[in-house]
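Below is one structure, written out as structure tokens; comments come after it.
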Amino acid sequence: MYTVIFGRSGCPYCVRAKQIAEQLKDQRQDFDFRYIDIHEEGISKADLEKTVGKPVQTVPQIFIDKEHIGGCNEFESYVRQNLAH
């Protein structure tokens, strides 16, 4: 399972999503992730909208195996429902 988190520095939800992903990586052999800082990479919300397929108002925007999950709350919910032991 490969997760990509698009976030930005100074965003508490981005920090939380990254923490969840780091915990999963420590706990599971089948989980890995990449965190992409949209400001460092020069990615705009318009660029993210093309990837997501709908308007993007907030970060993080999270994808699991190339499927758009949503933001931090959706990611937490997904983890609870699908990856909790």
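The values are calculated or read from the model by the stated rules, or taken from the named source; none is laboratory data. Just so you know, these numbers come straight off a predicted model, no measurement behind them. We place every Cβ from the backbone using ideal geometry, glycine too, and count neighbours over all the protein chains shown. Quick note on the areas: whole protein, heavy atoms, side chains included, nothing else; ligands and nucleic acids left out. Shrake-Rupley method; radii C 1.70, N 1.55, O 1.52, S 1.80 Å.
Computed quantities for the displayed model
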item: Full-extension gain in nm, Asp32 to Gln19, via 0.36 nm per residue minus C-alpha separation; result: 3.4 nm
item: Accessible carbon and sulfur surface of the chain relative to its total accessible area, %, 1.4 Å; result: 44
item: Lysine-lysine proximity count for the chain, Cα under 21 Å, sequence distance 8 or more or distinct chains; result: 7
item: FRET efficiency, Leu83 to Lys50 (Cβ-Cβ, R0 35 Å, nearest 0.05); result: 0.80
item: Acute angle (nearest 10 degrees) that the helix 12-27 long axis makes with the longest principal axis of the chain, alpha-carbon atoms; result: 30
item: Share, in percent, of DSSP beta bridges within the chain that are antiparallel, nearest 5; result: 55
